Amino acid sequence: MRLIFLGPPAAGKGTQARRLAVVYGIPHISTGDILRAAINERTYLGQKAKGYMDQGALVPDDVMIGIVVERLRQHDCEGGFILDGFPRTIPQAEALSKLLESINTPLNYVVNMAVSVEEIVRRLSGRLTCQNCGRMFNLMLDPPRTLGRCDCCGGPLFQRVDDRIDTVHERLEVYRQSTQPLIEYYAARGLLITIDGTGTIEAIAKRIGEAVGG
């Protein structure tokens, strides 16, 4: 199974992608995790990407494409994968399509998580990120077992600059202009499945599973 998850910030892409990856036994590839690792390691590209992310802007295509191509060529992706956070632009989608054609591994579906602006703002106001491993939690939807601490590594949780209310609307506008055209792109190719991204985690997971046959 080869899937892409699309949706605005805080649509629940990561949470649902991780769950489905376990069901299929395939890697969940979050470009956000890869970028955060580069930022934590203070690599050249990591620091360059951080400047864009702090402003709520998209990381340049050449950086993202290179990272994703390298990851998809690894052996654990031979049986499938779930991409979360990529592609975000039409050029990225076209580059990904060429790569998958070259290795004869076409996409099965593109899952579009549909959530209203009001719901996104509500979710982002409660979103926290682990300072150590980058794992995300949401106080309303997916809270940590211990308040202020990561379930995975025990690291401290904080609110990212680009999750604060004053940058949320800028992020949504960036998404609308650059990423939402992907919905039309994949719909035209018969790959798009739109899922109602509201409700409990379990209810949303059930909708996705039924849609992709999981």
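Where a number appears in this text, it was derived from the coordinates with a stated rule and is not lab data. Predicted model, so just to flag it, every value in this text is computed and none were measured. Virtual Cβ from ideal backbone geometry, glycine too; neighbours counted across all protein chains shown.
Residues in segment 23-44 that are outside any helix (DSSP H, G or I) and either among the hydrophobic types (A, V, I, L, M, F, W, C) or without any contact (Cβ under 8 Å) to a residue 40 or more places away in the chain (or both): Ile26, Ile29, Glu41, Arg42, Thr43.
Residues that are more than 30 Å from Ala211 (Cβ to Cβ), aliphatic (A, V, I, L, M) and surrounded by 17 or more Cβ atoms within 10 Å (Cβ to Cβ) within segment 141-194 comprise just one, Leu157. In the condition set (1) under 22 Å from Gly155 (Cβ atoms); (2) free of Cβ contacts under 8 Å to residues at least 60 places away in the same chain; (3) out of contact with any Asp or Glu (no Cβ under 6 Å at 6 or more places or on another chain), Gly85 is compliant with all but (2).
When each of Gly213, Gly154, Gly197 is tested for being under 19 Å from the mean Cα position of the chain (by Cα) and either under 30 Å from Arg73 (Cα atoms) or of a type in the set (Gly, Ala, Ser) (or both), the lone residue that passes is Gly197. For segment 74-94, the candidate set comprises residues that are closer than 24 Å to Pro9 by Cα, touching a strand residue (DSSP E or B) at 6+ places or on another chain (Cβ under 8 Å) and not β-branched (Val, Ile, Thr); within that set, the residue that is surrounded by the fewest Cβ atoms within 10 Å (Cβ to Cβ) is Gly85. Tell me which of these Val59 doesn't satisfy, since it passes every other one: (1) part of a helix (DSSP H, G or I); (2) within 17 Å of the chain's Cα centre (by Cα); (3) over 20 Å from Phe81 (Cα atoms). Failed condition: (1). Counting just the residues of segment 20-46 that are of a type in the set (Gly, Ala, Ser) and touching a strand residue (DSSP E or B) at 6+ places or on another chain (Cβ under 6 Å), which one comes out surrounded by the fewest Cβ atoms within 10 Å (Cβ to Cβ)? Per the stated criteria, the residue is Ala21. Taken together, the residues in segment 16-65 that are over 22 Å from Val174 (Cβ atoms) and either touching a Leu at 6+ places or on another chain (Cβ under 9 Å) or hydrophobic (A, V, I, L, M, F, W, C) (or both) amount to 8.
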